[in-house]
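These notes concern the structure reproduced below.
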Amino acid sequence: MSGQPTPSIHELLDSLYRVDSGRILATLIRLLGDFDLAEEAMHEAFAAALSGWPKSGVPENPRPWLISTARFKAIDSLRRRARSDASQDELARYLEAQGHAIEASTEEAWVEDDRLRLIFTCCHPALPPEGQVALTLREVCGLTTEEIARAFLVTPATLAQRIVRAKTKIRETPIPYEVPSPQELPGRLDAVLQVIYLVFNEGYSAAAGAEVTRAELTSEAIRLGRLLTELQPETQAPNPETPTPETTGLLALMLLQESRRAARTSPTGELILLEHQDRSLWNRAQIAEGVALVEKALGSRRFGPYTLQAAIAAVHAEAESAAATDWRQIVALYNQLVRIQPSPVVFLNRAVAIAMCDGPEAGLKHIDAVLEHGGLANYYLAHSARAEMCRRLGRTAEARTSYEKALALTHQEPERRFLAGRLRELK
């Protein structure tokens, strides 16, 4: 054999990296205790596979092979560093001595648990909130620094500094690499839920790029949501501190929103609004599971904002058509939501629901109140919603101005094409 990698090896490694690199990295961080060393070793292991597998063949279990190879690469790296830092040689000897235990810890159950350990480490309360989010999106979900920076409207340099500071804090504190105990879990859960939902939102409606959705991110967020719900066994007696209702509510919300993904774009990638979607394309299995989870969370009577948002999504999911949607019930749910989460975005969504109940003039009044209050001046959906109300009222000049503001603020190509199309229609 020539030694040149065949296309099939390339494809296999691309698939492994896309699907398993997060799991591999999480395990390596546990084994090596260092984010940067783990990431460097993982990339070297994939490079070794690219050059070696065409000659030796693909191993029966590629993931453990990559983890084991990365461990040896890390030891080699530490040996090289030991010339100037004796502590690195000590760590290398320790990793070699722990070889058999490490090989056993790369089994499937351990690897799956490592993802959850990594999430809680990245979302530790000792880290600043912006560092928690940045580190989780970078290390758990594999987003690039540039992608995260775009999503949070900061420069890549600023985002990179947040990640470096968070890693330094984890190393120097040190922050334990573990899932918190049941007693600690309630206080640690909010940050984790927030990060998982941010990951889902980036996948459900990408902040920038050529695609509306990124299925790998929504799938990963849903998988992480399932892991969290499994932390609290169903057999345990109800407890006021038990986090089950909101973890269940978040999982329901993600499933119900994800159920519409196939209908959200045309075959050519154009954005399709909810009212115009082909509901036969909605995933009925995800809807059934999501609705059941909503009912379970609501039945606890200890639910929060994720459960209420899931209940709103369930009303949409169960409507046979856009015209049959129970907008009165949606407004009532938003009224509950603004009492516990009075954010500008929630008020904006409530305003749109009011417009569907009471007409565009009532909706416009509420949207203007939200914009005047501040906080959404750079949020393109606020200006897009205002433009739509003005369009329906025949206030063309105002509609054009708001559509132009929305267009200037969005970086996702399908959304830009949609808004540009609306502007052409006004002319």
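Could you work out how far apart the two model spin labels at residue 178 and residue 279 are, taking each label as a point 7 Å from the Cα in the direction of the beta carbon, and quote it in nm?
It is 5.0 nm.
Please label the shape of segment 343-427 as rounded, prolate or oblate, based on the square roots a ≥ b ≥ c of the eigenvalues of the alpha-carbon gyration tensor (a/c under 1.5 means rounded; beyond that, a/b larger than b/c means prolate, else oblate).
Working: a/c = 1.88, a/b = 1.23, b/c = 1.53.
It is oblate, given that a/c is not under 1.5 and a/b is not larger than b/c.
So how much slack lies between residue 369 and residue 289, counting 0.36 nm per residue of separation and subtracting their Cα-Cα distance, in nm?
On the way: separation 80, 0.36 × 80 = 28.80 nm, distance 3.68 nm.
Net length gain for the segment: 25.1 nm.
Tilt of helix 396-409 relative to the longest C-alpha principal axis of the chain, in degrees (0 to 90, nearest 10)?
Approximately 10 degrees, to the nearest 10.
In nm, what is the difference between 0.36 nm times the number of residues separating residue 188 and residue 168 and their Cα-Cα distance?
Values: separation 20, 0.36 × 20 = 7.20 nm, distance 2.02 nm.
Going from the current span to full extension adds 5.2 nm.
In the chain, which longest range has no GluC sites (Glu not before Pro) that are both DSSP loop (not H, G, I, E or B) and surrounded by at most 16 other Cβ atoms within 10 Å? Don't jump to the answer; show the numbers that get you there.
Values: sites that count: 60, 107, 178, 184, 211, 230, 234, 241, 270, 320.
Longest run free of exposed loop sites: 321-427.
Classify the chain as rounded, prolate or oblate, taking a ≥ b ≥ c as the square roots of the eigenvalues of its Cα gyration tensor: rounded when a/c is under 1.5, otherwise prolate if a/b is larger than b/c and oblate if not. Let's see the in-between values first.
Details: a/c = 2.05, a/b = 1.72, b/c = 1.19.
It comes out prolate by the Cα gyration axes.
Once fully extended, how much extra length lies between residue 345 and residue 326, figured as 0.36 nm per residue of separation less the alpha-carbon to alpha-carbon distance?
Details: separation 19, 0.36 × 19 = 6.84 nm, distance 2.09 nm.
Roughly 4.7 nm would be gained on extension.
For a quick check: sort 196, 24, 340 by the number of other beta carbons within 10 angstrom, fewest at the front.
Values: 196 28, 24 25, 340 11.
Taking fewest neighbouring Cβ atoms as first place, the list is 340, 24, 196.
Picking from 297, 377, 207, which is most flexible by a Gaussian network model of the chain using Cα springs under 10 Å?
Looking only at 297, 377, 207, the largest GNM fluctuation is found for 377.
Using the count of nearby Cβ atoms within 10 Å as a rough guide to exposure, how do 357, 390 rank from fewest to most?
On the way: 357 14, 390 22.
The fewest-first ordering by Cβ neighbours comes to 357, 390.
Is the shape of segment 242-325 rounded, prolate or oblate, going by the alpha carbon gyration tensor and its root eigenvalues a ≥ b ≥ c, with a/c under 1.5 for rounded and a/b larger than b/c for prolate?
Details: a/c = 2.60, a/b = 2.13, b/c = 1.22.
Prolate, because a/c is 1.5 or more and a/b exceeds b/c.
For the pair residue 11 and residue 126, how long in nm is the line joining their label points, each one 7 Å along Cα→Cβ?
4.7 nm
Take residue 377 and residue 361, extend 7 Å from each Cα along the Cα→Cβ direction, and tell me the distance between the two endpoints in nm.
3.0 nm
Could you work out the relative contact order of the chain? I mean the mean sequence separation of Cα pairs under 8 Å and 6+ apart, divided by the number of residues, in percent. Display every interim value, and only then the final one.
Numbers: 537 pairs, mean separation 42.2, N = 427.
After rounding, I find 10 percent.
Please report the projected area of segment 282-427's Cα convex hull averaged over all directions, in nm². Please report the intermediate quantities before stating the final value.
Details: hull surface 38.2 nm².
Computing the convex hull of the Cα atoms and averaging its projections yields 9.5 nm².
In what order do 411, 124, 276 fall by count of nearby beta-carbon atoms within 10 Å, going from fewest to most?
Working: 411 13, 124 21, 276 9.
Ranked by crowding around the Cβ, least crowded first: 276, 411, 124.
No value in this document is a laboratory result; all are computed from the given coordinates. Bear in mind that the values here come from a model prediction, so they are computed numbers and not experimental data. Neighbour counts are summed over all protein chains in view; Cβ atoms, including those assigned to glycine, are modelled from backbone coordinates with ideal geometry.
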